[in-house]
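Novice: Here you go, one structure.
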Amino acid sequence: MVNITVVGTGYVGLVSGSCLADFGNYVTCVDTDTIKIDNLKKGIIPIFESGLDAVVERNTHAGRLFFTTELAAAMKNSAVVFIAVGTPPAEDGGADLRYVEQVARKIGQHIEKYTIIVDKSTVPIGTARKVTQWVQDELDKRHTAVAFDVVSNPEFLREGTAVYDFTHPDRVVIGTESVSARKVMKEVYRALYLNETPYIETNLESAEMIKYAANAFLAVKIAFINQIANLCEKTGANVQDVAAAVGRDGRIGSKFLHPGPGYGGSCFPKDTQALAKIGREQGAPISIVETTIEANKRQKQLMIDKIERGFGGPGALPGKTIAVLGLAYKNNTNDMRESPAIIICEGLVERGARLRVWDPAAMQEASWRLEAIKSSVYFADSEYDAVQGSHALALVTEWNQFRNLDLARIKNTLLSPNFFDLRNVYKREEIEAAGLRYFGVGK
Ligand SMILES: NC(=O)c1ccc[n+]([C@@H]2O[C@H](COP(=O)([O-])OP(=O)(O)OC[C@H]3O[C@@H](n4cnc5c(N)ncnc54)[C@H](O)[C@@H]3O)[C@@H](O)[C@H]2O)c1
């Protein structure tokens, strides 16, 4: 059992903190957002994440999980302080480290005893050394000497399955040069360590690189299958058959071979940008990632073109209403950060369409994310409300409830029978059998 503070109570901090408490540790989650902390104290979970409420409740009741806005007080009893704040993209494409720096400096201002400081946020290679410097700067200002170690422990959870991912990771990565920090980190993750979860110990820079390399590789895989899909459309091949057969090759694997509107979310777009920037700065450009970023941007535009073409081509969208199903960047989350749906909605409106949008979890976020086009958008109450008076349905995020739509009802409700399946959820035959025109991706 280890006493832990987790700073930042977002997707990663809240899931990490509550799951680490579930592993038997004593965890205090800290955030500067007072509303979030007040809500968490009342058991109100700020994000849509399957199973998280139960973990939070269980550990709060067991007296192992606490919430506060007071970092200094939380740190007093903690052997380990995790930094899990956001690292959003900066103007230049790099990661904006201002929140990480704020936390590191605050730790330096209040540290009183040996503490292990763990970078959980995704940060550029070299950041752990900066964190060390920021903490040391503050200690120097206090004319105080307190020993501390910095560890890089990147997080690989996926939104939508975050609790499962945190408790069943493919690997735990611990980057540090400190033998004592290594020992304590094994205690923190004892439940996983004993469970034979692959446990990779390495240096700071390698740990930081592992996270960027993993995310960039997955982004490349998505962009690759999207480009194959685009070529399939031109050549008469069916990308789903192609991906199924290619993915059977054990060296390739079947995951992340699903074409669609391009990747989004809070991680892949910013992490690929940041890695590409580091590559350029270091004189070791990662051109495959640069190309992936461009291909991914183009893919979203191709989806807008596809819908416009379905109506007859340029100039065909004014006077048309499109039902957009799914706004979150993926299913099972309310997160719309960098969601392809935003670009697609904005592009369709720019070309003259009106929209009726619906998402099972992201409607609140959509109300401000789609602010710029809101005069052309109706925020619907359900998928069937969205298709009311629409000339097409565009399925943009693959929520389970969209996998089993009442196609007869949709056919009868739509003003024109157009079905744009941007996630390849349906087979052409079943949509056509329902009397609808089918437009998929890569087939
Ligand atoms: N979201 C994911 O799926 C995911 C997965 C793996 C890694 N990551 C990485 O984890 C990090 C966090 O991502 P997230 O999605 O959880 O972010 P988030 O935006 O959901 O949460 C960040 C939290 O940090 C808080 N915060 C900011 N400054 C603070 C400060 N000075 N003191 C205390 N709290 C502060 C914010 O109020 C917010 O609640 C990022 O680096 C991200 O790249 C995210």
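The values are calculated or read from the model by the stated rules, or taken from the named source; none is laboratory data. Values in this document were obtained by computation on a predicted structure and should not be read as measured data. Neighbour counts run over all protein chains shown; Cβ positions are idealised from the backbone, glycine included.
Novice: Run residue 394 past the list (1) part of a loop (DSSP other than H, G, I, E, B); (2) crowded, with 24+ Cβ neighbours inside 10 Å and report the number of the one that doesn't hold.
Specialist: (1)
Novice: Among the residues of the stretch 201-222, count how many are without any contact (Cβ under 8 Å) to a residue 40 or more places away in the chain and either over 26 Å from residue 273 (Cα atoms) or surrounded by 17 or more Cβ atoms within 10 Å (Cβ to Cβ) (or both). I'd like the intermediate steps shown before the answer.
Specialist: Taking the stretch 201-222 first, the residues without any contact (Cβ under 8 Å) to a residue 40 or more places away in the chain are 201-203, 206, 217, 221.
Subset that is either over 26 Å from residue 273 (Cα atoms) or surrounded by 17 or more Cβ atoms within 10 Å (Cβ to Cβ) (or both): 201, 221.
The qualifying residues number 2.
Novice: Consider residue 100 carefully, then state whether it is within 12 Å of the ligand (Cβ to nearest atom), more than 21 Å from the chain's Cα centre (by Cα), modelled with pLDDT of 95 or more and over 21 Å from residue 164 (Cα atoms). Talk me through it step by step, then tell me what you get.
Specialist: On the way: within 12 Å of the ligand (Cβ to nearest atom): yes; more than 21 Å from the chain's Cα centre (by Cα): no; modelled with pLDDT of 95 or more: yes; over 21 Å from residue 164 (Cα atoms): yes.
So residue 100 does not fit the description; no.
Novice: Write out, first by first residue and then by second, each pair whose Cβ atoms fall under 8 Å of each other, whose residues are 6+ apart or on separate chains, and whose first residue, in the stretch 1-13, is farther than 19 Å from residue 115 by Cβ and within 6 Å of the ligand (Cβ to nearest atom) while the second is of a type in the set (Ser, Thr, Tyr) and assigned to a loop (DSSP other than H, G, I, E, B).
Specialist: 11/266; 12/121
Novice: Just one of the numbered conditions (1) under 21 Å from the mean Cα position of the chain (by Cα); (2) at pLDDT 95 or above is not true of residue 266; which one?
Specialist: (2)
Novice: Oh, and also: List the pairs whose first member sits in the stretch 258-286 and is at positive phi, whose second member is among the hydroxyl-bearing types (Ser, Thr, Tyr) and more than 12 Å from the ligand (Cβ to nearest atom), and whose Cβ atoms are under 8 Å apart, counting only residues at least 6 apart or on separate chains?
Specialist: From residues that are at positive phi, the pairs are 265/339.
Novice: Suppose the filter is acidic (Asp, Glu), under 24 Å from residue 319 (Cβ atoms) and either modelled with pLDDT of 95 or more or under 31 Å from the mean Cα position of the chain (by Cα) (or both); does residue 385 pass it?
Specialist: Taking the combined requirement at face value, the residue satisfies it.
Novice: Find the helices (runs of 4 or more DSSP H) located wholly in the stretch 111-225 whose residues include 1 or more that are at pLDDT 95 or above and of a type in the set (Lys, Arg), and list them.
Specialist: Working: elements: 127-141, 162-167, 179-188, 190-193.
Qualifying helices (runs of 4 or more DSSP H): 127-141, 179-188, 190-193.
Novice: Within the set of pairs 6 or more residues apart or between chains, which connect a residue that is surrounded by fewer than 20 Cβ atoms within 10 Å (Cβ to Cβ) inside the stretch 287-307 to a residue that is outside any helix (DSSP H, G or I) and at pLDDT 95 or above with Cβ atoms less than 7 Å apart?
Specialist: 306/420; 306/439
Novice: If you don't mind, there's one more thing I want to ask. Among the listed residues 131, 173, which satisfies the condition of being surrounded by 16 or more Cβ atoms within 10 Å (Cβ to Cβ), farther than 22 Å from residue 25 by Cα and within 16 Å of the ligand (Cβ to nearest atom)? Don't jump to the end; show me each part of the working.
Specialist: Values: 173 fails: farther than 22 Å from residue 25 by Cα.
The match here is 131.
Novice: Being near the ligand (Cβ under 10 Å from one of its atoms) and surrounded by fewer than 17 Cβ atoms within 10 Å (Cβ to Cβ) is the filter here, so list the residues in the stretch 14-33 that pass it.
Specialist: Step one: filter the stretch 14-33 for residues near the ligand (Cβ under 10 Å from one of its atoms), giving 14-16, 29-33.
Answer for the stretch 14-33, where residues must be near the ligand (Cβ under 10 Å from one of its atoms) and surrounded by fewer than 17 Cβ atoms within 10 Å (Cβ to Cβ): 32, 33.
Novice: Return yes or no: is residue 347 without any contact (Cβ under 8 Å) to a residue 40 or more places away in the chain, outside any strand (DSSP E or B) and under 24 Å from residue 316 (Cα atoms)?
Specialist: Details: without any contact (Cβ under 8 Å) to a residue 40 or more places away in the chain: no; outside any strand (DSSP E or B): yes; under 24 Å from residue 316 (Cα atoms): yes.
When the stated conditions are applied, residue 347 does not pass them.
Novice: Check whether at least one residue in the stretch 89-97 is free of Cβ contacts under 8 Å to residues at least 40 places away in the same chain, within 13 Å of the ligand (Cβ to nearest atom) and more than 24 Å from residue 268 (Cα to Cα), and report yes or no. Steps first, please.
Specialist: Just the residues of the stretch 89-97 that are free of Cβ contacts under 8 Å to residues at least 40 places away in the same chain, to begin with: 90-91, 96-97.
Restricting the remaining residues to those that are within 13 Å of the ligand (Cβ to nearest atom) gives 90, 96-97.
Imposing the further condition that a residue be more than 24 Å from residue 268 (Cα to Cα) reduces the set to none.
No, the stretch 89-97 contains no residue that is free of Cβ contacts under 8 Å to residues at least 40 places away in the same chain, within 13 Å of the ligand (Cβ to nearest atom) and more than 24 Å from residue 268 (Cα to Cα).
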